[in-house]
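Contents: one structure, followed by commentary.
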Amino acid sequence: MTRILTESDQFREALFALEMLGRDAGGWTFRRWRKRVARHRAVRDLVTMARTVRPFPDMDQIVQRACSPLGGDADGCGPEPQLVADVREFHRIAVAPYRDHIDRFLEADRATRRDIALTHGPEGLLSTLHPSIRWSFPVLEVPTPHDEDLELDTRGLLLSPSLFLTSRSPRVLGPSPDDGIPTLFYPVTPERGWRMPARTP
């Protein structure tokens with residue numbers, strides 16, 4: 001079964017944002033936001049690290065092994081890796097203040113995708129996610145560093161739109177240790193003239 005996640009994976013979205021900053025990517029759409037968040041030393045330090053320790057897959061593997069990456073209930077967990085604390089601080093500065101703005105943007109895409117799924121079915125939905133994705137039942141071909149093929153007749157797939165993957169290829173991450181289902185993160189390209197705000201209201 002293919003379904004669209006109703007909420008963003010906040011830690012992954014933070015890592016996508018970090019990757020964008022490390023590559024100085026995003027163009028004019030993110031220019032004001034980049035300048036704003038780069039004022040923080042913690043952000044600059046982590047961006048410097050991200051140029052040698054890759055957000056994906058290196059940092060992602062570390063934070064996904066952490067018990068409570070975004071500060072939830074961590075009872076019974078061992079010592080937290082410093083990187084997890086650093087990425088949490090990055091999320092607090094660079095993503096959390098803009099979450100309402102980001103969520104409104106991504107929810108508009110989710111609504112569009114749900115309409116497509118109702119009208120054209122899962123196959124029609126998958127064909128709209130990114131020009132590089134190829135769907136030939138039951139295999140979904142996703143251009144990744146390892147050119148992954150997902151056989152959707154044997155396991156489900158979670159779909160998650162991402163703002164910070166703009167102009168990048170989709171990412172398949174997982175499968176989740178909880179349910180064994182992988183997540184396909186796909187970029188949502190803002191319309192011409194849309195800008196990430198420099199600050200929240």
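The values are calculated or read from the model by the stated rules, or taken from the named source; none is laboratory data. Values in this document were obtained by computation on a predicted structure and should not be read as measured data. Quick reminder, even Gly has a Cβ in these numbers, built from the backbone with ideal geometry, and neighbours come from all protein chains shown. Remember, those area values only see protein heavy atoms, side chains included, never the ligands or the DNA or RNA. Shrake-Rupley method; radii C 1.70, N 1.55, O 1.52, S 1.80 Å.
Computed quantities for the displayed model
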| item | result |
| --- | --- |
| Residue in the range 75-87 that is within 21 Å of M196 (Cβ to Cβ), modelled with pLDDT under 95 and either among the aromatic types (F, W, Y) or outside any loop (DSSP other than H, G, I, E, B) (or both) present | yes |
| Enumeration of residues in the range 14-41 that are surrounded by fewer than 18 Cβ atoms within 10 Å (Cβ to Cβ), among the charged types (D, E, K, R) and in a helix (DSSP H, G or I) | R31, R32, K35, R41 |
| Test set (1) out of contact with any Pro (no Cβ under 6 Å at 6 or more places or on another chain); (2) under 24 Å from V63 (Cα atoms); (3) open to solvent by less than 20 Å² (accessible area, probe 1.4 Å); (4) at pLDDT 80 or above - G156 fails condition number | (4) |
| Hey, T48 modelled with pLDDT of 90 or more, surrounded by fewer than 16 Cβ atoms within 10 Å (Cβ to Cβ) and hydroxyl-bearing (S, T, Y) or not | yes |
| Qualifying residue in the range 106-127 (condition: under 30 Å from R32 (Cα atoms), at pLDDT below 90 and surrounded by fewer than 15 Cβ atoms within 10 Å (Cβ to Cβ)) | no |
| Subset of the range 188-201 [out of contact with any strand residue (DSSP E or B) (no Cβ under 6 Å at 6 or more places or on another chain), modelled with pLDDT of 80 or more and open to solvent by less than 40 Å² (accessible area, probe 1.4 Å)] | P190, M196, P197 |
| Scan of the range 88-130 for residues that are over 20 Å from E19 (Cβ atoms), small (G, A, S) and part of a helix (DSSP H, G or I), ordered by number | A108, A111, A117, G121, G124 |
